[in-house]
Amino acid sequence: MPAAHAPFLDLPTEEFREILRENRIPGYRAGQVRRWVFARKTFAFDEMTDISKSDRAKLSGLFGNTLFSGKLVTQTGSEDGTQKILLEWPDRHRVESVLLRDDRGHRTGCISTQVGCAMGCRFCASGLDGFVRNLSRGEILEQILRLNALLPDPQRLTHLVIMGTGEPTLNLDALLAALAEATAADGLDIGNRRVTISTVGIPAGIDKMTAADLPYKLAVSLHAADDATRNKIIPQNQHCGIRAVLAAADRYFAQTGRRVTFEYILIAGVNDSGADALRLAKLLDRKTAIVNVIPYNPVPELEWKSPAPRAVESFVRALTQAGIQVKVRFRKGDDINAACGQLRRSYRIS
Ligand code: SF4
């Protein structure tokens, strides 16, 4: 039966209650549905057994039987425990989302905010097809709920990183509405400090986050310490320059008191020299920040290569000796195309 309303996950609870009222369904059903969705990982009205059969039938008539609007196209699992899902929306556009596990017990959902991406970062498969559209609040929330449902009870997602396809600050309203549900006590109850929004570094976008005084962590993709190199890696940099990005990150720190993470993908022969490390150390001197160094994961369509292990070691050593806090992160799920945008591209809309 076709749904008569916007998808359930796109509706704030107050609007959902209003629809219940208009259809003579008791308002307390809203709380019951939320408990099924967020606490019991149940997404079909038919299965919500503490709701009367007649109200379940009414709800299915209004919203369709499943609360999800996407269709699961494929689900893949990696030897390292990473799982990846590819979802298709009714307009046939697709996004991918990843569940990462580590030996500290962290279960992290990596979420997309857009179909395609306009930023065109040269190391990223998502940018190859350009921007298609923003995802809605419900489409972002659906990714989070589906990843959470991959975990066996009583496990739940512990962390969220907004690092999938898309530039989050260009779809901030929908993202923040979805995150509000993911972090709500009667939602998934993920701690605010366990949510990281990762931006390519658009100063106006970072300032929007600063103005909203968000409780979340900010990660900025830096990937170079001079404008000429950064322009090659992130074309968006030509519009603003590194200094403006760092100044916006400083304002975020000054407003929120939360340390900013700078992501630095290390690419052989592009940004991995000793001189690059020294420039980066100078740029971040005296900042309360941490650098995540991520050895590049080759994308089949692109020519860049992974750095040699020795180059990674000496880059990190140079930063550490200059007093910069550094972590080296290796990408997970290489055997299931977990680099951003790769799965979506291997299942193109025909
Ligand atoms: S890295 Fe992120 S911002 Fe850059 S093209 Fe890929 S999805 Fe877009």
Q. Quick one: of the DSSP bridges fully inside the chain, what percent are antiparallel, nearest 5?
A. 45
**Q.** Percent accessible area from carbon and sulfur atoms, the chain, protein chains only, probe 1.4 Å
**A.** 50
Q. What nm distance separates the two modelled labels at Leu302 and Ala275, each placed 7 Å from Cα along Cα→Cβ?
A. 2.3
Q. Across region 69-84, in residue order, what do the Karplus-derived ³J(HN,Hα) couplings come to in whole Hz, using 6.51 cos²θ - 1.76 cosθ + 1.60 with θ = phi - 60° and x for Gly and Pro?
A. 9, x, 10, 6, 8, 7, 9, 10, x, 9, 4, 8, x, 6, 10, 10
**Q.** FRET efficiency for Asp226 and Phe330, using Cβ-Cβ distance with R0 set to 22 Å, rounded to 0.05
**A.** 0.30
Q: Calculate the spin-label point distance for His239 paired with Phe253, positioning each point 7 Å from the Cα along the beta-carbon direction, and give it in nanometres.
A: 2.5
Q: With only alpha-carbon atoms counted, please give the Rg and Dmax of the chain, in Å.
A: 21.3, 70
(Q) At 1.4 Å probe radius, can you tell me the per residue accessible area of the chain in Å²? (A) 44
Q | Gain in span if fully extended, Ala44 to Arg286, counting 0.36 nm per residue against the direct Cα distance | A | 81.9 nm
Q. Hey, what's the Kirkwood Rh for region 1-122 if you take every pair of different alpha carbons, in angstrom?
A. 16.6
Q) How many nm is it between the label spots at Ala212 and Ala185, if each spot is 7 Å from the Cα in line with the beta carbon? A) 2.3
(Q) Can you give me the long-range amide H partners of Thr74? Hydrogens built in the peptide plane at 1.01 Å from N, cutoff under 5 Å, separation of 5 or more residues or another chain. (A) Leu86
Q: Residues in region 182-196, backbone N under 16 Å from the label point at Arg34 (7 Å along the Cα-to-beta-carbon vector): list them, ranges by number please.
A: 182-190
Q. Relative contact order for region 8-63 using alpha-carbon pairs under 8 Å, separation at least 6, rounded to a whole percent?
A. 24
Q: With θ set to phi - 60°, apply the Karplus curve 6.51 cos²θ - 1.76 cosθ + 1.60 along region 286-298 and write out the HN-Hα couplings as whole Hz, x wherever there is a Gly or Pro.
A: 6, 8, 7, 8, 10, 10, 9, 8, 10, x, 4, 10, x
Q) From the cross-link list Lys84/Lys208; Lys84/Lys327; Lys58/Lys84, which pairs have alpha carbons spaced over 27 Å apart? A) Lys84/Lys208; Lys58/Lys84
Q. Over all directions, what mean area does the Cα convex hull of region 8-63 project, stated in square nanometres?
A. 3.4
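The values are calculated or read from the model by the stated rules, or taken from the named source; none is laboratory data. Small disclaimer: the values here were computed from a predicted structure and weren't measured. So basically every Cβ, Gly included, is an ideal-geometry build from the backbone, and we count neighbours across all protein chains shown. Just the protein is used for accessible areas: all its heavy atoms, side chains included, with ligands, DNA and RNA removed. Shrake-Rupley method; radii C 1.70, N 1.55, O 1.52, S 1.80 Å.
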